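> This is the structure, below, for whatever I ask next.
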């Protein structure tokens with residue numbers, strides 16, 4: 001679709017504004033009218049639900065979260081269905097795609113309802129054909145989609161005592177650099193401030209909060225390049241398992257296999273030595289993975305007032321705060 005330009009006259013001054021693309025404005029009318037739009041769909045028929053999803057998403061889709069989840073939601077018989085198609089590195093290498101969905105219960109994260117799940121492959125009529133680096137064509141029952149798996153970039157510059165493990169983007173849209181600090185033997189998520197998709201407000205001179213996500217950051221000025229370190233995620237969002245529950249489940253899978261990630265995990269959690277693969281998956285458990293969540297879950301932002309004392313000290317002070325907060 002061609003982009004267009006809108007000119008607006010404000011107090012005698014002509015302003016040229018880009019026109020919004022169709023569909024970018026959400027409205028209550030559309031939500032209410034959508035409540036009954038899928039009433040005839042049998043939500044227990046997994047193939048039928050998959051076909052409905054594929055028929056109503058773009059022909060070219062970008063999977064932004066770096067563990068390969070493509071999230072969707074729609075209304076069915078007045079209720080909200082949430083789900084995802086998953087294109088993880090382990091699945092696409094085998095020509096497989098995971099599909100799952102459930103009824104969402106307000107404030108309960110869908111826990112009251114059954115989750116429908118099916119692993120699709122050529123045996124089920126789903127064909128996943130590689131087109132190039134992290135790009136695929138997927139075909140199912142007449143629907144064809146081009147799938148592009150995201151490889152984000154960040155403004156992180158490597159420093160001597162840290163190992164860079166990859167750029168990542170979680171379902172909130174926030175881009176981080178995942179690093180391992182050799183001195184403290186801990187992982188950290190560093191915000192890419194050059195591609196920030198939200199505004200921030202200050203709790204104190206060195207602590208800021210994302211207005212959309214509720215993510216809390218500490219401004220680390222002890223390095224030659226100041227950076228924001230993720231130190232907090234709202235516990236409410238974690239309990240709901242929503243888009244703002246933290247980046248622990250969207251690791252940079254496109255790069256982890258090229259690093260010593262497995263060895264670093266063993267340094268943080270010695271009991272896991274020999275128990276995980278190069279991407280942190282448990283060898284004896286299907287679909288289970290080590291959780292990298294070196295930040296605290298908070299109920300009250302006042303908890304972070306103690307963190308301000310770290311502004312003239314090392315990252316070790318920040319780590320002490322995180323460790324004590326998690327006890």
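The values are calculated or read from the model by the stated rules, or taken from the named source; none is laboratory data. These figures come from a predicted structure and were not determined experimentally. In this analysis, Cβ positions are derived from the backbone assuming ideal geometry, glycine residues included, and neighbour counts consider all displayed protein chains.
> Only one of 143, 133 is surrounded by fewer than 18 Cβ atoms within 10 Å (Cβ to Cβ), modelled with pLDDT of 95 or more and more than 30 Å from residue 323 (Cβ to Cβ). Can you tell me which?
Working: 133 fails: modelled with pLDDT of 95 or more.
That would be 143, the only listed residue that is surrounded by fewer than 18 Cβ atoms within 10 Å (Cβ to Cβ), modelled with pLDDT of 95 or more and more than 30 Å from residue 323 (Cβ to Cβ).
The rows are residues; the columns are (1) free of Cβ contacts under 8 Å to residues at least 60 places away in the same chain; (2) within 24 Å of residue 237 (Cβ to Cβ); (3) within 23 Å of the chain's Cα centre (by Cα).
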residue	(1), (2), (3)
78	yes, no, no
96	yes, no, yes
121	yes, no, no
152	no, yes, yes
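> Would you call residue 297 under 25 Å from the mean Cα position of the chain (by Cα) and at negative phi? Can you show your working first?
Details: under 25 Å from the mean Cα position of the chain (by Cα): yes; at negative phi: yes.
When the stated conditions are applied, residue 297 passes them.
> While we're on this one: Got at least one residue in the stretch 59-70 being surrounded by fewer than 19 Cβ atoms within 10 Å (Cβ to Cβ), under 21 Å from residue 144 (Cβ atoms), modelled with pLDDT of 95 or more and in contact with a helix residue (DSSP H, G or I) (Cβ under 6 Å, 6 or more places away or on another chain)?
There is no residue in the stretch 59-70 that is surrounded by fewer than 19 Cβ atoms within 10 Å (Cβ to Cβ), under 21 Å from residue 144 (Cβ atoms), modelled with pLDDT of 95 or more and in contact with a helix residue (DSSP H, G or I) (Cβ under 6 Å, 6 or more places away or on another chain).
> Suppose we keep only residues that are part of a helix (DSSP H, G or I) and in contact with a helix residue (DSSP H, G or I) (Cβ under 8 Å, 6 or more places away or on another chain) within the stretch 265-279. Which one would you say is nearest to residue 255 (Cα to Cα)?
In the first step, residues of the stretch 265-279 are kept if they are part of a helix (DSSP H, G or I); the result is 265-268, 270-272.
From what is left, the residues that are in contact with a helix residue (DSSP H, G or I) (Cβ under 8 Å, 6 or more places away or on another chain) are 265-266, 272.
Numbers: 265: 15, 266: 18, 272: 21 Å.
Across the stretch 265-279, the extreme among qualifying residues is 265.
> Something else now. Given the conditions (1) under 24 Å from residue 241 (Cβ atoms); (2) under 18 Å from the mean Cα position of the chain (by Cα); (3) assigned to a strand (DSSP E or B); (4) in contact (Cβ under 8 Å) with a residue 40 or more places away in the chain, report the number of the one that residue 74 does not fulfil.
Evaluating residue 74 over (1) under 24 Å from residue 241 (Cβ atoms); (2) under 18 Å from the mean Cα position of the chain (by Cα); (3) assigned to a strand (DSSP E or B); (4) in contact (Cβ under 8 Å) with a residue 40 or more places away in the chain leaves (2) as the failure.
> Moving on. Hey, among 163, 177, which residue is over 30 Å from residue 48 (Cβ atoms), buried (at least 20 other Cβ atoms within 10 Å of the Cβ) and touching a strand residue (DSSP E or B) at 6+ places or on another chain (Cβ under 8 Å)?
Details: 163 fails: buried (at least 20 other Cβ atoms within 10 Å of the Cβ).
Answer to the selection: 177.
> Also, quick follow-up: Just one of (1) out of contact with any helix residue (DSSP H, G or I) (no Cβ under 6 Å at 6 or more places or on another chain); (2) part of a loop (DSSP other than H, G, I, E, B); (3) buried (at least 19 other Cβ atoms within 10 Å of the Cβ) trips up residue 244, so point out which.
The number of the failed condition is (1).
> Would it be correct to say that residue 232 is touching a residue at least 24 places away in the same chain (Cβ under 8 Å), assigned to a loop (DSSP other than H, G, I, E, B) and farther than 23 Å from residue 277 by Cα? Write out each step before concluding.
Details: touching a residue at least 24 places away in the same chain (Cβ under 8 Å): yes; assigned to a loop (DSSP other than H, G, I, E, B): no; farther than 23 Å from residue 277 by Cα: yes.
So residue 232 fails the test.
> In addition: Residues that are in contact (Cβ under 8 Å) with a residue 12 or more places away in the chain and more than 24 Å from residue 234 (Cβ to Cβ): list the strands (runs of 3 or more DSSP E) wholly contained in the stretch 156-219 that include at least 3 such residues. Explain how you work it out, then say what you get.
Details: elements: 162-169, 175-181, 186-191, 200-204, 207-210.
In the stretch 156-219, 162-169 are the strands (runs of 3 or more DSSP E) which contain 3 or more residues that are in contact (Cβ under 8 Å) with a residue 12 or more places away in the chain and more than 24 Å from residue 234 (Cβ to Cβ).
> Restricting attention to the stretch 294-305, does a residue exist that is in a helix (DSSP H, G or I) and crowded, with 19+ Cβ neighbours inside 10 Å? Walk me through how you get there before you give the answer.
Taking the stretch 294-305 and keeping what is in a helix (DSSP H, G or I), we get 301-305.
Remaining after also requiring crowded, with 19+ Cβ neighbours inside 10 Å: 304.
Yes.
> Then there's this: In this structure, does residue 85 turn out to be at pLDDT 95 or above, part of a strand (DSSP E or B), buried (at least 21 other Cβ atoms within 10 Å of the Cβ) and under 22 Å from the mean Cα position of the chain (by Cα)?
Values: at pLDDT 95 or above: yes; part of a strand (DSSP E or B): yes; buried (at least 21 other Cβ atoms within 10 Å of the Cβ): yes; under 22 Å from the mean Cα position of the chain (by Cα): yes.
Considered against the rule, which asks whether it is at pLDDT 95 or above, part of a strand (DSSP E or B), buried (at least 21 other Cβ atoms within 10 Å of the Cβ) and under 22 Å from the mean Cα position of the chain (by Cα), residue 85 comes out as yes.
> Another one. In the stretch 220-229, what residues are more than 22 Å from the chain's Cα centre (by Cα) and either modelled with pLDDT of 95 or more or in a strand (DSSP E or B) (or both)? First the steps, then the outcome.
As a first pass, look at the stretch 220-229 and keep what is more than 22 Å from the chain's Cα centre (by Cα): 220-226.
Scanning the stretch 220-229 gives a single hit, 220.
> Sticking with this one: Taking only pairs six or more apart or across chains, which ones have beta-carbon atoms under 6 Å, a first residue in the stretch 312-327 that is exposed (fewer than 13 other Cβ atoms within 10 Å of the Cβ), and a second residue that is assigned to a helix (DSSP H, G or I)?
The qualifying pairs do not exist here.
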